[in-house]
Amino acid sequence: MEGPVRKVPLVELKKQIGNEVGSSEWMPITQQMIDTFADLTGDHYFIHVNPARAAAETPFGGSISHGFLTLSMLAQMAYQACPSIQETKTGVNYGFNKVRFISPVLAGKRVRGRFRLKDLNTDTPGRWTSTYEVTVEIEGAEKPALVAEWLGAGLM
């Protein structure tokens, strides 16, 4: 996603360790998105792609998003919510320490990501690694869709 990303100096972002740095906009999870994701991944399990059967045969009341679809939306959410380190030449997704899928996301619901900076390490000269605690909320739901500890890395 290209567009305006909030850039901050490394020293300023380090001051935010332990704090929530932002949240994304609410984003819809549509049946079309779910179907496209199923086509891309080959995961056509009925709870995702057959709303009538999912409503009849599951406790969900309809089709639900793939957990990995919801997880993949973190990139778009992070572009909206997280500041970029001004001195960075390039940054990459480094992986996850933990991911837990807490609640299913029904087709038609909206989700958003909330990001708390847990750590920002600069022990290696010219490099940084970040750890964000991420919660993906479901609009109007008591429990989140997922919680994760997400790692990033970059070169300065």
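Of the residues that make up region 123-130, is at least one within 12 Å of the chain's Cα centre (by Cα) and modelled with pLDDT of 95 or more? No, the conditions are met nowhere in region 123-130. Cβ-Cβ contacts under 9 Å between residues 6 or more apart (or on different chains), taken from a first residue in region 90-103 that is farther than 11 Å from Ala145 by Cα to a second residue that is in a strand (DSSP E or B) and hydroxyl-bearing (Ser, Thr, Tyr), are listed as Gly91/Ser84; Gly91/Ser130; Tyr94/Thr129; Tyr94/Ser130; Asn97/Thr131. Residue count for region 13-55 under the criterion of being under 23 Å from Arg127 (Cα atoms) and without any contact (Cβ under 8 Å) to a residue 24 or more places away in the chain: the result is 1. Among the residues of region 19-38, those that are over 13 Å from the mean Cα position of the chain (by Cα) and among the hydroxyl-bearing types (Ser, Thr, Tyr) comprise Thr30, Thr36. Of the residues making up region 132-156, those that are crowded, with 19+ Cβ neighbours inside 10 Å, assigned to a strand (DSSP E or B) and at pLDDT 95 or above are Tyr132, Val134, Val136, Glu137, Ile138, Leu146, Ala148, Trp150, Gly152. Per the listing Phe115, Phe60, the residue uniquely among the aromatic types (Phe, Trp, Tyr) and under 22 Å from Ser24 (Cα atoms) is Phe115. For Leu10, are the conditions met, namely being out of contact with any helix residue (DSSP H, G or I) (no Cβ under 6 Å at 6 or more places or on another chain) and without any contact (Cβ under 8 Å) to a residue 60 or more places away in the chain? No: the conditions fail for Leu10. Among the residues of region 81-95, is any surrounded by 12 or more Cβ atoms within 10 Å (Cβ to Cβ), under 14 Å from the mean Cα position of the chain (by Cα) and among the polar types (S, T, N, Q)? Among the residues of region 81-95, at least one is surrounded by 12 or more Cβ atoms within 10 Å (Cβ to Cβ), under 14 Å from the mean Cα position of the chain (by Cα) and among the polar types (S, T, N, Q), which makes the answer yes.
For region 1-20, filtered to residues that are exposed (fewer than 11 other Cβ atoms within 10 Å of the Cβ) and out of contact with any strand residue (DSSP E or B) (no Cβ under 9 Å at 6 or more places or on another chain), the residue that is modelled with the highest pLDDT is Pro4.
The values are calculated or read from the model by the stated rules, or taken from the named source; none is laboratory data. Note that the structure is a prediction, hence the values are computed from the model and not measured. Methodologically, a virtual Cβ is constructed for each residue, glycine included, from the backbone with ideal geometry; neighbour enumeration extends over all protein chains shown.
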